[in-house]
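Notes follow once the structure below has been shown.
The values are calculated or read from the model by the stated rules, or taken from the named source; none is laboratory data. This structure is a prediction, so every number in the text was calculated from the model and none was measured. We place every Cβ from the backbone using ideal geometry, glycine too, and count neighbours over all the protein chains shown. For accessibility, only protein heavy atoms count, side chains too; no ligands or nucleic acids. Shrake-Rupley method; radii C 1.70, N 1.55, O 1.52, S 1.80 Å.
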Amino acid sequence: MDFVRRRPLTVFFILSVAIALVAMWIRTMDPGALGEALGDMTAKNKPANIFTAIEYSMERPSLWHALLFPFAPTLAALIVVLAMGGGEFRQWLSRLAPWRGGVSTASGISVWLLSLAIFMAFVGLYFIMVLANGDHEAATSTVQRFGPTAAIAILGFAVAMLLSPGALLEEMGWRGFALPMLLRSMSPLAASVVLGLMWAAWHLPREIMPLMSGADGVWFKFMVKQASFVPGCIAGSILATYLFFKLGGSVWSGVLAHAFHNELSVNILLGSEPLLDLGGGWALRGLTIIEVALAVILLLLVGPKLGQENSPAS
């Protein structure tokens, strides 16, 4: 227990990776299950959210690995805070509040509404782009994915970020535990970059199966993917840290920033956003470019402290 108290972040990260590896081992028991489930969801035009993840896992138990994997950071954080004792567990749970640490109700609600407005603006931009290209089928399909009518679909878009399984299951680990720990000894910008790198590295176990497939060019495809994924994780981490301070240390800062990416990528763009072709087979995802641009703009506006000096977060 003394080692856990002295090296909580190290233990947390090792446990997170170990649990993720267990999830990937479970996946090898039924390697085709996830692809078949995703194919069925696409055929039925279902959104990938926490409800559909549980639904498919109930129908095919081997798919529980798809829930265990994102839950790994939160489970690791729970183990560490319980081992640390003292008030760490209560402090950790307190981060589940939508805003905390002296943030007023008006300020907290304004942050939530602004986050929603930005997300909805990008959803609107997507529709403008597909309709301008004459792809009415894609627009109709996207609306129907979130509701049987346009009015209900708008509500579906509005709550989508609160149903993103990766964000909901992971963030009590990343922003609920790791970020506050890093901020004890690092500046906000440094903590954001380190956590972004940790976040990206933790995802590597899910790349084991593709890399071991022996397919032609698999390692090159992996490198091209990481060229977008790692900067995206760092940019997302910077945005989440800013929201963390605005919400007084609430874990929902991470959920909002994380779900912004996941929902646009998985349920709106379906992973097919425009690419910036760099030549030689290298390309950057359009969503990554947007997130990096948002992070740079934020840093220029508020500085490297990311609003910490005006925040009651603890």
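Observations
- For the chain, the residue among His65, Ala20, Phe146 whose Cα projects farthest onto the positive side of the dipole built from Cβ charges is Ala20.
- C-alpha center-to-center spacing [the range 267-303, the range 192-266] in angstrom: 12 Å
- The dipole here belongs to the range 182-274: it is taken about the Cα centre, uses +1 on the Cβ of Lys and Arg and -1 on the Cβ of Asp and Glu, and is about 260 debye.
- Legend: calculated FRET efficiency, Ala190 to Glu59, from the Cβ-Cβ distance at R0 = 51 Å, rounded to 0.05, equals 0.70.
- Charge dipole magnitude, Cβ of K and R +1, D and E -1 - the chain, Cα centre, debye nearest 20: 900 debye
- Heavy atoms of the protein chains alone define the surface here; on that basis the chain has 48 Å² accessible area per residue at 1.4 Å probe size.
- Taking the average, over residues, of other Cβ atoms within 10 Å as the packing measure, peptides 46-57, 242-253 rank 242-253, 46-57 from highest down.
- Each label was represented as a point 7 Å from its Cα along the Cα-to-Cβ direction; for Ser104 and Leu275 these points are 4.9 nm apart.
- Between the range 17-75 and the range 88-140, the Cα center-to-center distance that results, in Å: 25 Å
- Kyte-Doolittle at least -1.0, axis length at least 20 Å by Cα - qualifying DSSP helices, the chain: 8-29, 65-84, 105-132, 188-202, 218-246, 286-302
- For a label point 7 Å along the Cα-to-beta-carbon line of Arg206, residues of the range 150-181 with backbone N under 20 Å: 160-179
- Apportionment of accessible area to carbon and sulfur, the range 61-192, percent (1.4 Å): 73 percent
- Within the range 14-30, backbone nitrogen closer than 15 Å to the virtual label 7 Å beyond the Cα of Ala83 toward Cβ: 14-20
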